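The values are calculated or read from the model by the stated rules, or taken from the named source; none is laboratory data. Being a predicted model, the structure only gives us computed values, none of them experimental. Glycine gets a Cβ as well: all are built from the backbone with ideal geometry, and neighbour counts include every protein chain shown. In case anyone asks, the SASA skips ligands and DNA or RNA and just uses the protein heavy atoms, side chains included. Shrake-Rupley method; radii C 1.70, N 1.55, O 1.52, S 1.80 Å.
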Amino acid sequence: MSSARDQDAALLGALFAADGQRVTRRKLATASGIPADELDARLVPYIEAGYPVEFHPQGGITLPEPPDIWCAEEIVGRCPAPARKNPTVPAWDPVLLAKTSSTNDVVREQARKGARSGLVVAASRQTKGRGRLGRAWESPADGGLYVSILLRPNLAMSDAGRLTILSSVAMADAVEAVADVRPQIKWPNDIMLDGRKLGGLLIETEPKGGRVGFAVVGIGINVRQEAHDFSAPLRKLATSLHLATGRLYRRADVLVALLQALARRLAAPFDDTREAWIAAGSLTLGQRVTLTTTRGLKHGQAVGLDESGALLLRDAAGEIEPITAGDMQAV
Ligand code: BTN
């Protein structure tokens with residue numbers, strides 16, 4: 001028997017799936033396992049939270065587009081069940097916080113205590129949001145999606161780069177699903193729109209016997225920010241879905257699309273994802289680049305991506321070297 005939380009999730013999932021259309025109580029009862037005469041009472045807490053549920057006297061319930069609010073039941077209910085049953089795809093377990101230091105830190109701490117793969121921690125605001133290379137990630141209240149996802153993939157550490165590729169493609173997929181624009185991917189971790197940074201990825205892994213013990217996939221996507229929400233130095237470099245499209249999107253919609261995309265990519269052969277990355281990687285592939293790596297500066301042309309997820313760099317002598325991590329400048 002499913003828990004009350006799972007039933008509520010299924011109820012909200014069925015209402016969202018109807019996309020603002022009226023759904024009969026009988027259909028909602030079947031989808032959720034909640035008796036038809038208890039549906040209204042079960043929806044009260046969500047109405048109080050701001051979901052604009054409408055009850056129709058002649059029968060049926062509708063959920064018009066809600067404002068930019070979220071709850072764990074919405075997220076779970078909107079992630080498709082078949083994907084959740086695939087053994088390589090964890091069941092998402094979302095925890096939504098009003099404020100935290102860094103969602104990556106929260107998830108890492110929980111991972112060390114044994115949390116299961118699929119833990120998803122999102123916050124409306126981060127006070128110490130972190131980017132790559134020790135940079136800060138600006139995380140103003142309700143501006144962007146700030147989320148970290150715990151994965152325990154069955155992966156050798158030498159293939160951990162696949163997670164970067166998979167996650168960045170999932171970010172691009174999610175943005176396209178929600179806003180109908182296809183961002184480009186700039187190696188290794190940037191999602192770009194109109195030449196500006198729309199999102200970033202900070203993956204932190206802990207090894208266990210040569211394999212990935214766990215990975216914290218930290219994702220920031222600028223969703224609702226206005227230009228003045230970015231600090232002056234970032235204003236010319238960053239964009240948000242709102243700035244790029246003129247529309248305000250719900251962060252929950254972006255999170256749901258992201259988890260759905262991640263589930264699809266985790267279930268698919270890595271080669272498919274590699275091809276999708278190559279198609280979105282024109283800011284990287286074919287470019288003459290300088291890479292700052294732990295082994296110093298590397299110059300050459302970015303020519304491909306190998307099956308471990310490493311970027312292939314061809315140097316002036318024609319030698320090809322796989323690069324797993326670094327920072328890239330086009331020259
Ligand atoms: C980058 O582009 O440098 C990576 C940015 C990653 C930001 C996200 S926001 C959610 C998660 N928590 C953090 O502190 N950082 C990541």
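Please go through segment 161-180 and give me each residue that is within 16 Å of the ligand (Cβ to nearest atom) and either open to solvent by less than 10 Å² (accessible area, probe 1.4 Å) or in a loop (DSSP other than H, G, I, E, B) (or both), ordered by number.
Result: LEU163, ILE165, SER167, SER168, VAL169, ALA170, MET171, ALA172, ALA174, VAL175.
Can GLY118 be described as within 16 Å of the ligand (Cβ to nearest atom), surrounded by 12 or more Cβ atoms within 10 Å (Cβ to Cβ) and of a type outside the set (Lys, Arg)?
When the stated conditions are applied, GLY118 does not pass them.
Within segment 316-329, can you find the residues that are more than 17 Å from ARG162 (Cβ to Cβ) and open to solvent by 60 Å² or more (accessible area, probe 1.4 Å)?
Once the filter is applied, which keeps residues that are more than 17 Å from ARG162 (Cβ to Cβ) and open to solvent by 60 Å² or more (accessible area, probe 1.4 Å), segment 316-329 yields ALA316, ALA317, GLU319, ILE320, GLN329.
Among the residues of segment 84-107, which ones are of a type in the set (Asp, Glu) and either open to solvent by less than 20 Å² (accessible area, probe 1.4 Å) or away from the ligand (no atom under 14 Å from the Cβ) (or both)? Reasoning before the result, please.
Start the filter on segment 84-107 by keeping residues that are of a type in the set (Asp, Glu), which leaves 93, 105.
Correct list: ASP93 only.
How many of the residues in segment 121-139 are assigned to a loop (DSSP other than H, G, I, E, B), of a type outside the set (Lys, Arg) and open to solvent by 30 Å² or more (accessible area, probe 1.4 Å)?
First, pick out the residues of segment 121-139 that are assigned to a loop (DSSP other than H, G, I, E, B): 124-125, 127-129, 131, 135, 137-139.
Now drop any that are not of a type outside the set (Lys, Arg), which leaves 124, 127, 129, 131, 137-139.
Next, from what is left, pick out any that are open to solvent by 30 Å² or more (accessible area, probe 1.4 Å): 127, 137-138.
Matching residues across segment 121-139 total 3.
Here are the criteria: (1) surrounded by 15 or more Cβ atoms within 10 Å (Cβ to Cβ); (2) in contact with a helix residue (DSSP H, G or I) (Cβ under 7 Å, 6 or more places away or on another chain); (3) not polar (S, T, N, Q). Tell me which single one PRO66 does not satisfy.
(2)
Right, GLY213: more than 13 Å from the chain's Cα centre (by Cα), of a type outside the set (Val, Ile, Thr) and at positive phi or not? Spell out the reasoning first.
Numbers: more than 13 Å from the chain's Cα centre (by Cα): yes; of a type outside the set (Val, Ile, Thr): yes; at positive phi: no.
Answer is no for this residue.
Among residues belonging to segment 140-156 that are out of contact with any Lys or Arg (no Cβ under 6 Å at 6 or more places or on another chain) and more than 16 Å from the ligand (Cβ to nearest atom), point out the one that is most open to solvent (accessible area, probe 1.4 Å).
Filtering segment 140-156 for residues that are out of contact with any Lys or Arg (no Cβ under 6 Å at 6 or more places or on another chain) and more than 16 Å from the ligand (Cβ to nearest atom), the one most open to solvent (accessible area, probe 1.4 Å) comes out as ASN154.
How many residues are of a type in the set (Asp, Glu) and within 19 Å of the chain's Cα centre (by Cα) when one looks only at segment 100-115?
1
Every residue in segment 93-129 that is within 20 Å of ASN154 (Cα to Cα) and of a type in the set (Gly, Ala, Ser), please.
Residues satisfying the conditions are ALA111, GLY114, ALA115, SER117, GLY118.
Being open to solvent by 20 Å² or more (accessible area, probe 1.4 Å), in contact with a strand residue (DSSP E or B) (Cβ under 8 Å, 6 or more places away or on another chain) and either part of a strand (DSSP E or B) or more than 10 Å from the ligand (Cβ to nearest atom) (or both) is the requirement here; does GLN110 meet it?
Values: open to solvent by 20 Å² or more (accessible area, probe 1.4 Å): yes; in contact with a strand residue (DSSP E or B) (Cβ under 8 Å, 6 or more places away or on another chain): yes; either part of a strand (DSSP E or B) or more than 10 Å from the ligand (Cβ to nearest atom) (or both): yes.
Yes: the conditions hold for GLN110.
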